[in-house]
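Before any comments, here is the structure.
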Amino acid sequence: MINYKALINGEFIDNGNWLEIYDPYNNEVAGKVTALKPEDIEKAFMFARNAQENWENVDLITRIKLMNDFKNLIEKNKNEIAKIMTSEISKNLKESLTEVERTIELIEYTLEEAKRMEPLALTGEGIGAKNKIGIFSRVAKGVVLAISPFNYPFNLALAKIIPALVMGNTVVFKPATAGSLVGAYIGKLSIEAKFPKGIFNVVTGRGREIGDIITSNKEIDMISFTGSVPIGKNIKEKASTKDLVLELGGKDPALVLDDSKLENWSKQIVDGAFGYSGQRCTAIKRVITTNKIADKLVPMLKSQIESLTVGSPYENKAITPVIDQKSADFIKGLIDDSVSKKAKVLCGNKFENNLVYPTLIDNVTLDMRVAWEEPFGPVLPIIRIDDLNEMIKIANDSEFGLQASVFCSDISNAINVAKKIKAGTVNINGKSQRGPDCFPFLGIKDSGQGVQGVRESLLSMTRYSGIVINY
Ligand code: NAP
Ligand code: G3H
């Protein structure tokens, strides 16, 4: 069993309190992390503040080199990181390794892009101020609080930490409880990479116990949060800073239009809906299609879903246990509600503790919870609607607006529909997905605030600092 300590000011903290992290597959303790107390958290922010100015004064190229050394350590330890991830979040070993490798690429791209954060140089000539030259550089915001969710504990953590640090911010990082082992491992690697004291701090503990204490700390200049809508809204209300980037939930629709190439696209839909057992913010969480096409599409989806392997993440099964029993119970509640209102379950709806078999539900109607709520599990509802405008309306009636997919051979029609959908991004003829990570990634409505992505994160973690020369 692994025990990892929190990290504050370059020192591992052992305060005698431990938080057990359970393996969702076998319910055994996968490891322990330090459960920090409020006074420890105060210290983390104080040290982050004290270290910030010196760190910002280090040359950009030296900061990049240090981050690159850190990235090389990830490369060296990638199999171990993937194994730890599997043990605490039941993402299968292959997909866990893919997450680590994707993160290595993300770091490389971020470090390259950091060199291109050139200052803006302007003259005032066009607006009656001929004798002024302004130089506006991107400078660090200060102390960044990074909070990551359980489902991408490595990638979504470092997608915040690296752009913040490379631009001269210091970071206090709060990993999700399920994800803390990987989170604390990031702290361990930062010590091996010889990060200067205080620039990177890992605060572990349960969000419901220490979350409000963390987000209300007065030293925070910016918060970058990924997680659920209720916690995101809570942070918006209580945080000590208004400078927030929030990546929240989704209920991404896939609109399958009458001229879709079903053989090609049904696979995209199944991948999109069931990858990591549906525990992706960008998972396809509802299919909206016409009666005409549904009779062909639904059997195709059903046969692919039935061929998904189910079971152990250690044996690389496609569908693995969801994060905990509470989550499985919530998913069951959504399915039961739809069944009680006459939806047809075509496969799945089988539960072994928190292992949820992939479930396809047809004839879902708008009075059913599963039409609107995010299951965060392997469940795909089919909504049959014959009118295109009505399909678009249902796609838009959601409180979420993360992504959507439109499947349609006529590209003009697809673009016209895409333009009417209210979401951060609409994917034509492809599943909804965040990657490639260099693309801007954003949600509208309850799905988020601000933008992530390589360049966008560098921008959001910096501000302009202007110098105006009068001559
Ligand atoms: P969550 O329960 O909201 O937790 C997210 C993070 O917030 C965790 O680190 C959690 O710590 C922490 N937290 C809990 N209470 C807090 C508080 N009062 N103040 C500050 N932080 C607090 O979400 P999750 O279950 O980990 O992730 C699933 C959700 O995230 C889904 O809704 C999914 O759609 C969304 N998500 C969105 C995106 C996106 O990019 N839009 C990406 C991934 C996931 P503890 O674990 O210790 O409670
Ligand atoms: O869960 C939210 C992630 O940002 C989704 O990333 O679309 O690459 O799986 P993904």
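Key figures for this structure:
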read-out: Qualifying residues in the range 381-394 (those that are within 19 Å of SER266 (Cα to Cα) and not charged (D, E, K, R)) - the one most open to solvent (accessible area, probe 1.4 Å); value: ILE385
read-out: Residue list for the range 17-40, restricted to those being in a loop (DSSP other than H, G, I, E, B), hydrophobic (A, V, I, L, M, F, W, C) and within 23 Å of LYS83 (Cα to Cα); value: ALA35
read-out: The range 199-216 - residue that is in a loop (DSSP other than H, G, I, E, B) and buried (at least 23 other Cβ atoms within 10 Å of the Cβ) and, of those, farthest from ligand 2 (Cβ to nearest atom); value: ILE199
read-out: All positions within the range 298-316 that are under 23 Å from LEU97 (Cα atoms), out of contact with any Leu (no Cβ under 8 Å at 6 or more places or on another chain) and open to solvent by less than 60 Å² (accessible area, probe 1.4 Å); value: LEU308, SER312
read-out: Tally, over the range 335-360, of residues that are surrounded by fewer than 22 Cβ atoms within 10 Å (Cβ to Cβ), of a type in the set (A, V, I, L, M) and under 23 Å from ILE383 (Cβ atoms); value: 4
read-out: Among (1) out of contact with any Phe, Trp or Tyr (no Cβ under 9 Å at 6 or more places or on another chain); (2) assigned to a loop (DSSP other than H, G, I, E, B); (3) in contact (Cβ under 8 Å) with a residue 40 or more places away in the chain - the single one LYS242 does not satisfy; value: (3)
read-out: Any hit, the range 419-441, residues being modelled with pLDDT of 95 or more, open to solvent by less than 10 Å² (accessible area, probe 1.4 Å) and farther than 22 Å from GLN268 by Cβ; value: no
read-out: Test: residue in the range 317-329 that is under 20 Å from the mean Cα position of the chain (by Cα), touching a residue at least 24 places away in the same chain (Cβ under 8 Å) and within 26 Å of ALA423 (Cα to Cα); value: yes
read-out: Filter pass, ILE162 being within 16 Å of ligand 2 (Cβ to nearest atom), over 23 Å from ILE284 (Cα atoms) and of a type outside the set (S, T, N, Q); value: yes
read-out: Whichever residue in the range 249-280 is more than 30 Å from PHE225 (Cβ to Cβ) and basic (Lys, Arg) and, among such residues, is nearest to ligand 2 (Cβ to nearest atom); value: LYS267
read-out: Test result for ARG434, in a strand (DSSP E or B) and among the charged types (D, E, K, R); value: no
read-out: Residue count, the range 12-30 (criterion: touching a Ser or Thr at 6+ places or on another chain (Cβ under 7 Å) and of a type in the set (Gly, Ala, Ser)); value: 1
read-out: Matching entry among PHE173, PHE225, PHE150 (being open to solvent by less than 20 Å² (accessible area, probe 1.4 Å), within 16 Å of ligand 2 (Cβ to nearest atom) and aromatic (Phe, Trp, Tyr)); value: PHE225
read-out: Residue within the range 181-199 that is of a type in the set (A, V, I, L, M), within 16 Å of ligand 1 (Cβ to nearest atom), within 20 Å of GLY435 (Cβ to Cβ) and at pLDDT 95 or above present; value: yes
read-out: Search result, residues across the range 226-257 that are near ligand 1 (Cβ under 6 Å from one of its atoms) and not polar (S, T, N, Q); value: GLY227, ILE231, ILE235, GLU247, LEU248, GLY249, GLY250
read-out: Residue selected from the range 289-300 under the condition touching a residue at least 40 places away in the same chain (Cβ under 8 Å) and in contact with an Asp or Glu (Cβ under 9 Å, 6 or more places away or on another chain), by the criterion farthest from ligand 1 (Cβ to nearest atom); value: LYS292
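The values are calculated or read from the model by the stated rules, or taken from the named source; none is laboratory data. Nothing here was measured: the structure is a model prediction, and the numbers come from that model. All Cβ positions, even for glycine, are placed from backbone atoms using ideal geometry, and neighbour counts span all protein chains on display. Side chains included, ligands, DNA and RNA excluded: accessible areas come from the protein's heavy atoms. Shrake-Rupley method; radii C 1.70, N 1.55, O 1.52, S 1.80 Å.
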